[in-house]
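Data first, discussion second: the structure below is written as C-alpha cells.
The values are calculated or read from the model by the stated rules, or taken from the named source; none is laboratory data. Nothing here was measured: the structure is a model prediction, and the numbers come from that model. Ideal geometry is used to build each Cβ from the backbone, glycine not excepted, and the neighbour counts take in all protein chains shown.
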Amino acid sequence: MKTKYDFGNMKTLVLLALLGFAVGGCGDVLGEVPGGSDSDKSGSILSVELINGSYDEDATNQVDIVLTSGGCDDGSTEFYSDHYATVTISNRALPNQTIQTASWVYIREYDIEYIPVTIGAPAVVSRNLIPVTDSVGIAPCSPTATECTGVTYTVEMVNVGQKAVIAAGYTGSQFTYNIRYVFRGVNDFGFVLQTEGYSNFYAANYDYCD
C-alpha cells in the first residue's frame, strides 16, 4: 500500500532553484489599456492571497501521476483526474487613501509556468491564456479596511496530459515543481489589471484508493 502524506498548506515555495520566489502572491497592477504599469490609472491593487492545491475533494499539493495498475485492493478504480487549485485574489484601494479608488475587477484569463526543482524532473510546458469561466467579479475592499477577503477561483494546477509527461520520467522518487500563475482581468472602466502568485507541487505515485 502506498503512503499518502499530508504536507498541509503548500504556500511556502521550495526555493532550491528559484531564489526570488515568494509565498502566496504579490500584487501587481497593469492599469492602462492595453497594458501598462500605473496603478493610479486603475485605482486597484490586485493581490493573490492564497493558493491551495485540490484533488479528490482534499486540499493537497500532492499530484498523483501514476494510476494504480490492476485497480485498488477492493476491486475499484483509483481516482485519477486533473489536479486543481483554489486561488483567492483580493482587490484593494490605493495605499493611504480614505476614499474608494478601486472598482470591481473581473478575472478573464491566466497563465501557468512550471519550474522543475528536483534535478532530473521532466520539463512541463507552460500554458498561456487559459480562460476563466467563473464570471464572479472581485469587489473592492474598503480603503480603511485592515483585512481584504477577496474572491476564490478554481483553476488548473496540473492536467492529466501533463501528469503523463511527468510520469514518463518517473523512477520512484518524488519530483518537486514550482508554479508561477499570472492572472489578468479588467475593471469597470476597461483598464487591464494583472497580478501573479506562486505555489508548488509534489509529483509521485500517491495512493488515492478509497
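Couple of notes before you dig in:
- Taking (1) surrounded by 14 or more Cβ atoms within 10 Å (Cβ to Cβ); (2) under 16 Å from L46 (Cα atoms); (3) of a type outside the set (S, T, N, Q) in turn, V136 satisfies each apart from (1).
- Selection of the stretch 155-164 for residues being β-branched (V, I, T) and either under 11 Å from V66 (Cα atoms) or in contact with a Lys or Arg (Cβ under 6 Å, 6 or more places away or on another chain) (or both) yields only V160.
- Just one residue in the set I138, I119, I112 is without any contact (Cβ under 8 Å) to a residue 12 or more places away in the chain and out of contact with any helix residue (DSSP H, G or I) (no Cβ under 7 Å at 6 or more places or on another chain); that residue is I119.
- Residue check for V124: closer than 19 Å to I45 by Cα and not aromatic (F, W, Y): no
- Residue count, the stretch 143-165 (criterion: surrounded by 14 or more Cβ atoms within 10 Å (Cβ to Cβ), at pLDDT below 95 and hydroxyl-bearing (S, T, Y)): 0
- The listed residues are Y106, Y55, and the only one of them that is within 24 Å of T195 (Cα to Cα) and either in contact (Cβ under 8 Å) with a residue 12 or more places away in the chain or of a type outside the set (S, T, Y) (or both) turns out to be Y106.
- Verdict on I65 being among the aliphatic types (A, V, I, L, M), surrounded by fewer than 19 Cβ atoms within 10 Å (Cβ to Cβ) and more than 23 Å from E196 (Cα to Cα): no
- Residues in the stretch 137-165 that are within 20 Å of A93 (Cα to Cα), of a type in the set (A, V, I, L, M) and within 16 Å of the chain's Cα centre (by Cα): V151 alone.
- Within the stretch 166-182, tally of residues that are surrounded by fewer than 13 Cβ atoms within 10 Å (Cβ to Cβ) and within 16 Å of the chain's Cα centre (by Cα): 0
- Those residues of the stretch 59-83 which are within 14 Å of M157 (Cα to Cα) and out of contact with any helix residue (DSSP H, G or I) (no Cβ under 9 Å at 6 or more places or on another chain), in sequence order: A59, T60, N61, Q62
- Scanning the stretch 93-101 for residues that are closer than 22 Å to N178 by Cα and either among the aliphatic types (A, V, I, L, M) or surrounded by 13 or more Cβ atoms within 10 Å (Cβ to Cβ) (or both) turns up nothing.
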